[in-house]
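Notes for the one structure printed next.
None of the figures in this text is laboratory data; all of them are computed from the coordinates on show. In this text the structure is predicted, and so the values were computed from the model without any measurement. Note that each Cβ is placed from the backbone with ideal geometry, even for glycine, and that neighbours are counted across all protein chains shown.
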Amino acid sequence: MISVRLVSFVCLHFATFTLLNCLSVKDQIYANIIADNPCFLRLNGTNQFGCTSSRFGNVGTLHLVINSTDLNWLFNEGKADPYTVALTPKMFNREVLQSIELSAKVNGIMLLMNGTEQEVINNDNLQNTGFSPEDTCPNRYSDVNSCPMKPWNPYGTDILLKSWSFPIFVVYDQNTIKDIIDCFKNHNLPLNNQNDQSLCALELKSHMYAAVDSKTCLRRTMMSYQNIRPIKFCDPLGDKNVYWSLKELRPNTPDKSVAIVAARLDATSMFQDLAPGAMSTATSIVTLMTTANLISEMLSYNDADNFSRNIMFILFNGEAYDYIGSSRVVYDMLDGNFPNDLIKLNQSHIGLFVELSQIHYDKEVFVYRPIKNNASENVINFMNIFNKSLSDDGFSVSESKSTSIPPSSLHSFLKIDPKFPGIILTGFRDQFKNKFYHSILDDAENIQYGNNSTIAQTIANISTSLSNSLYTFITNSTYTGLKQANSSYVTKLLDCYVKSMNCEVFQSLTSPLHLPDNPPNYYISIDLITNTITSLSRLLFASFGSKVINEV
């Protein structure tokens, strides 16, 4: 479902040149600029969506659009078309993009992220309007319930799921943005004289071979393998789910004896390599990891082995696209292959399913459960202990009265068993608080992570309460020890999952020479290739807990 053979470079084109030096004509006309993050093509079972350029690139006269006046001039008075439009974030919305496409005068778009993330948000007033390219009800066609009257993602614009007729790039480099703006001002102003002067233009290249839908594209790829030089038109999405259990999983697991704590491992966005997913994904992962580490200290492997119950922590991969990861787990359960053909866990073995979703930095937690009445004893006991523990820490814990449950991996299990004992712990009531869901702005600043941050302590409190509840599930007794989640450890994990993978915790697991300095890209990988953050999360799980072997 992902297109390949991406050419991602952008050129500034100057229509004036001089012969006073020894540079080639091309070097005097063109200047390469830094823009490595294009919108790219994706395919599903029925359609294609995203962006691509023509095979040899799209060229257009540069026009800077800061407000609606600039846009109206382009539509009504611009005579030097086709244009390439440089947009500020506040103008990057569905209404503007659709009007640009309908005008048939635009050959490409550059999104200028001028300044730091917070400056962009403040200057363009995005904190009020939001900036989510997702659907208002993400994964609406894969949920067990219909989209509610108040949609889950009120800031959704759906531009991520539309096929655009021109390439779109995002630019962060401040020198590049300055070059683009200077080129426009120096060569394309005044606007009314464009027919009588040399103009600055942008050439965008991001051609992709994928087309029609995923079935057609994959068939074309398979047919090309018959050629001496095959062409790979597209690759299916794929990666790995990651799981870890408190103690060894064994055959003949008793019914209702396994508690699953789950979160998603992926996010998405319009642009290549830019899926930061701080609130969409990372805070839930860090909460899950902190809980797994704490429960392994509260209940060692040897102690846990004395009880018949077990806990499994799972990070599902590909949930942004019709719940790929959780659907695969359900499929394998039905086929007798989860986690392998020896253990054979299925839904009858699961006594409790707790999903973490969009953990917020404030002290509010909302609980969603699909079964309001006749809930299982495990679910009721868990909620009572969790609510009391977290309320004692000054949190507000509320159960949603909604008859629907939000986009979550739980939908995959409810399709098979409507009475599945699952609940969702979130930071929002009825609608997402995250104004940048699946956006390039869903970064560290979106969760207010920095100096004097409250998110680390919030996650630590939730993890402690969650661990206390899981301890009771395993032992049928109340935890009386002193172990709690440490906010300093949470901060270290947030550094890894939000700021940079070249962090202290990941450095302790592998060679720092192999760790990238950038934040994780949570976009799911393609089949047969494992995303870096997937591998690092697996190593982190492996570092939790240990088994003491006597007389060795």
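Results, tabulated for the structure shown:
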| read-out | value |
| --- | --- |
| Farthest toward positive dipole pole in the chain [+1 Lys/Arg, -1 Asp/Glu at C-beta], among Q48, A304, G78 | Q48 |
| Radius 10 Å from Cβ of S525, net charge of other residues (Lys, Arg +1; Asp, Glu -1) | -3 |
| Estimated FRET transfer efficiency when R0 is 35 angstrom, pair N227-S163 (beta carbons, to 0.05) | 0.80 |
| DSSP bridge orientation in the chain - percent antiparallel, rounded to nearest 5 | 45 percent |
| Cα Rg, Dmax, region 248-331, angstrom units | 15.7, 49 |
| Mean Kyte hydropathy of -1.0 or more with a Cα span along the axis of at least 18 Å, helices from DSSP in the chain | 174-187, 283-298, 377-391, 455-475 |
| Rounded to the nearest 20 debye, dipole of region 153-259 from Cβ charges on Lys, Arg, Asp, Glu | 620 debye |
| Computed magnitude of the charge dipole of the chain (debye, nearest 20; Cβ of K, R +1, Cβ of D, E -1) | 1000 debye |
| Prolate/oblate/rounded label for region 495-548 (Cα gyration tensor, a/c 1.5) | oblate |
| Given charges at Cβ of Lys, Arg, Asp, Glu: the chain dipole, positive-most of C234, S453, M289 | C234 |
| Contact order relative to length of the chain, as percent, for alpha carbon pairs under 8 angstrom and 6 or more apart | 18 percent |
| Gain upon complete extension [N76, S300; 0.36 nm per residue less C-alpha separation] | 73.5 nm |
| Gain on full stretching of the segment that runs from Q431 to D273 - 0.36 nm per residue minus C-alpha separation | 54.1 nm |
| Volume in Å³ per residue [convex hull over Cα atoms, computed for region 242-542] | 132 Å³ |
| Positive minus negative residues near G50 (Lys, Arg vs Asp, Glu; Cβ under 9 Å) | +2 |
| Stokes-Einstein translational diffusion, region 2-215 - Kirkwood Rh over all Cα pairs, 1.002 mPa s, 20 °C, in µm²/s | 115 µm²/s |
| Surrounding net charge for A278, when Lys and Arg each add one and Asp and Glu each subtract one, Cβ distance under 14 Å | -2 |
| Cβ crowding within 10 Å averaged over residues, with 270-278, 418-426, 467-475 ranked highest first | 270-278, 467-475, 418-426 |
| Listed residue pairs exceeding 26 Å between alpha carbons, taken from K105/K215; K105/K162; K185/K499; K205/K240; K240/K388; K162/K215 | K105/K215; K185/K499; K205/K240; K240/K388 |
| Distance violations [Cα-Cα > 20 Å] among K401/K433; K433/K492; K247/K344 | K433/K492 |
| Antiparallel content of DSSP bridges confined to region 2-215, in %, to 5 | 55 percent |
| Per DSSP, loop trypsin sites (Lys or Arg not before Pro) in region 315-404 with at most 12 further Cβ within 10 Å | K372, K401 |
| DSSP loop GluC sites (Glu not before Pro) with at most 11 other Cβ within 10 Å: longest gap in the chain | 249-550 |
| For G108, distant residues with modelled amide H under 5 Å away | V85 |
| Spherically averaged projected area in nm², based on the convex hull that wraps the Cα atoms of region 42-117 | 6.5 nm² |
| Net lengthening on full extension, T216/Y331 (0.36 nm per residue, minus Cα-Cα) | 39.0 nm |
| Value at 222 nm in deg cm²/dmol, rounded to 500, when DSSP H runs of n ≥ 4 in the chain each add -39,500 (n - 2.57) | -8000 deg cm²/dmol |
| Computed over region 2-215: relative contact order in percent, which uses C-alpha pairs under 8 Å that are six or more apart | 38 percent |
